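Visitor: One structure, pasted below without further comment.
The values are calculated or read from the model by the stated rules, or taken from the named source; none is laboratory data. None of the values given here were measured: they were computed from a predicted structure. Cβ coordinates were reconstructed from backbone atoms using ideal geometry, including for glycine residues, and neighbour counts include every protein chain displayed. In case anyone asks, the SASA skips ligands and DNA or RNA and just uses the protein heavy atoms, side chains included. Shrake-Rupley method; radii C 1.70, N 1.55, O 1.52, S 1.80 Å.
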Amino acid sequence: MKSAGWVAFDLDGVLFDSDELHYVAVNEALKPYGERISEEEHLTTFKGLPTLKKCEMLTEMGRLPASAHANVSTLKQLATRDAITQAVRPDFKVTALLLALQAAGWRQCCCSNSVRDTVFRILVQLDLLDFMDFYLSNQDVRRAKPAPDMYEKAARIFEIAPQQLLVVEDALPGRRAAMGAGCVLVPVEGPHEVGPDLIHRILAARQSLVGV
């Protein structure tokens with residue numbers, strides 16, 4: 001059956017307002033090393049980046065030994081698991097959007113800079129897993145966002161050209177990844193914009209691709 005369209009959703013900051021969750025978790029993981037990312041640094045420098053990339057940047061700044069990277073990553077994942085169980089609940093507006101797209105014949109996926117286990121757990125907690133053809137994490141590509149690898153791979157799995165894939169993203173690394181892959185970017189400022197009304201923007205973006 002021919003698809004009405006193909007859309008990839010970022011997870012953090014799009015399908016779920018996980019910004020505070022990840023911010024708190026990474027700082028919990030950095031505590032044993034006497035380090036902390038400030039809120040301003042998070043918003044201007046680190047937001048949307050994988051934990052290991054954050055560690056590499058902190059090392060370049062002289063604030064974290066390279067030998068700590070693996071442990072920080074493990075501690076962050078454990079803190080994230082606990083937070084997911086306690087804080088993540090389904091959002092009716094997001095569910096309504098994905099349900100409407102599914103009913104209209106769209107194929108959907110989730111592409112996140114989080115590790116695979118975190119993506120899976122959040123999608124399950126949000127009750128969104130069944131809407132997704134597949135999901136990709138930073139462990140499923142050689143280079144995470146802002147590199148284009150994740151969206152190029154999503155297009156290959158869908159068996160379409162990247163130019164046919166619509167991407168809903170909030171943060172700058174994800175937007176750069178989508179544009180670098182040649183996809184059609186549907187930018188949002190956060191989960192508050194991800195609801196039934198967003199379908200009109202998605203359909204308008206799809207309409208512009210007629211003939212592609």
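Visitor: Let me make sure I get this right: for segment 17-127, a, b and c are the square roots of the gyration tensor eigenvalues over alpha carbons, sorted descending. Under 1.5 in a/c it's rounded, otherwise prolate if a/b > b/c, else oblate. Which is it?
Guide: prolate
Visitor: Just to be sure I understand: with springs between alpha-carbon atoms less than 10 Å apart, which residue in Gly190, Gly62, Gly48 has the highest mean-square fluctuation in the Gaussian network model of the chain?
Guide: Gly62
Visitor: Here are some values of percent of Cα pairs over 29 Å apart: (i) 23; (ii) 18; (iii) 28. Which one was computed from this structure?
Guide: From the options (i) 23; (ii) 18; (iii) 28, the structure gives (i).
Visitor: Do any trypsin sites (Lys or Arg not before Pro) in segment 116-147 lie in a loop, going by DSSP, with at most 15 other beta-carbon atoms within 10 Å of their beta carbon, and if so which?
Guide: Taking segment 116-147 and a limit of 15 other Cβ atoms within 10 Å, the loop trypsin sites (Lys or Arg not before Pro) found are Arg142, Arg143.
Visitor: Shape call for segment 18-70 from the C-alpha gyration tensor, a ≥ b ≥ c root eigenvalues: rounded (a/c under 1.5), prolate (a/b greater than b/c) or oblate?
Guide: Prolate, since a/c reaches 1.5 and a/b exceeds b/c.
Visitor: With angles folded into 0 to 90 degrees, how steeply does helix 69-87 sit against the dominant principal axis of the chain? Use alpha carbons for both and round to 10.
Guide: On a 0 to 90 degree scale, this one is about 60.
Visitor: Here is a follow-up. At Arg143 and Gln163, where each label point lies 7 Å from the Cα along Cα→Cβ, what is the point-to-point distance in nanometres?
Guide: For Arg143 paired with Gln163, the spin-label model returns 2.2 nm.
Visitor: What percent do you get for the relative contact order of segment 70-212 when only Cα pairs under 8 Å and 6+ apart count?
Guide: Details: 186 pairs, mean separation 30.7, N = 143.
Value for segment 70-212: 21 percent.
Visitor: Please compute the modelled spin-label separation between Phe134 and Ser67, points set 7 Å along Cα→Cβ, answer in nm with one decimal.
Guide: Taking the two extended label points, one gets 4.0 nm.
Visitor: Roughly how many percent of the accessible protein surface of segment 5-73 is carbon and sulfur, given a 1.4 Å probe and a whole-percent answer? Show your work: numbers first, answer last.
Guide: On the way: 1590 of 3130 Å².
That share works out to 51 percent.
Visitor: Separate question: For segment 134-170, which GluC sites (Glu not before Pro) are both in a DSSP coil and crowded by at most 15 other Cβ atoms within 10 Å?
Guide: Working: sites: Glu152, Glu159, Glu169; in loops: Glu159.
Passing both the DSSP loop test and the Cβ count: Glu159.
Visitor: On to the next question. Ignoring ligands, DNA and RNA, what accessible area per residue does the chain give at 1.4 Å, in Å²?
Guide: Dividing the accessible area of the chain by its residue count gives 48 Å².
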